[in-house]
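Input: a single structure, listed below in structure tokens.
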């Protein structure tokens, strides 16, 4: 039904910042149902640039899910994607060493329901992780710079989905 491929590249923080476009990315985030409803999603209570610059480098990781059949039902592909996205996030978290911080793909998945909607503090703050896009980074630009461009699905082609994350290192 699908195969997965993983790509990895190490960048300096300055290389990562070339893909920082918080105004444009947050505008896109506003159309998502998680906007201002999940602690890991914008608007954030964090000085992103200062926080990112406290690290020396990032290991960008891209997880590609290549479907082997054209014209699969979108719901079926999304179910696989969500499962792979969460497994990828767990893997990134397992790679953290002291002082490291992983950036997952998409919104945090630690809780079934986020407490932000009830204006309550995050109950798993030690496990909550941001994504590159939530921090204002253009994920499509990052994937393209890594040689794995986002490709939109066209009928008759075997589609693939990408999850893009990283590991910030001190």
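Here are a few things to note about the model shown:
- Averaged over residues, the count of other Cβ atoms within 10 Å places the peptides 96-103, 141-148 in the sequence 141-148, 96-103, highest first.
- Binning all Cα-Cα separations of the stretch 69-112 at 10 Å, short to long from zero, yields these whole-percent fractions: 24, 43, 23, 9, 1.
- Gain in span if fully extended, residue 112 to residue 32, counting 0.36 nm per residue against the direct Cα distance: 27.1 nm
- Stokes-Einstein D in µm²/s, Kirkwood radius over Cα pairs - the stretch 1-100 at 4 °C with 1.567 mPa s viscosity: 80
- Against the chain, whose longest principal axis comes from its Cα atoms, helix 74-94 is set at around 40 degrees.
- Estimated from the Cβ-Cβ distance and a Förster radius of 25 angstrom, the FRET efficiency linking residue 73 and residue 3 is about 0.85.
- Directionally averaged projected area (convex hull, Cα atoms, the stretch 2-169), nm²: 9.8
- Mean residue ellipticity, 222 nm, helices only, the chain: the sum of -39500 (n - 2.57) across DSSP H runs of n ≥ 4, divided by residue count and rounded to 500, is -7500 deg cm²/dmol.
- Separation of the stretch 86-146 and the stretch 1-27, taken as the distance between their Cα centroids, equals 13 angstrom.
Here, each number is a calculation from the coordinates, and none is a lab measurement. Because the structure is a prediction, the values reported are computed rather than measured. Cβ coordinates were reconstructed from backbone atoms using ideal geometry, including for glycine residues, and neighbour counts include every protein chain displayed.
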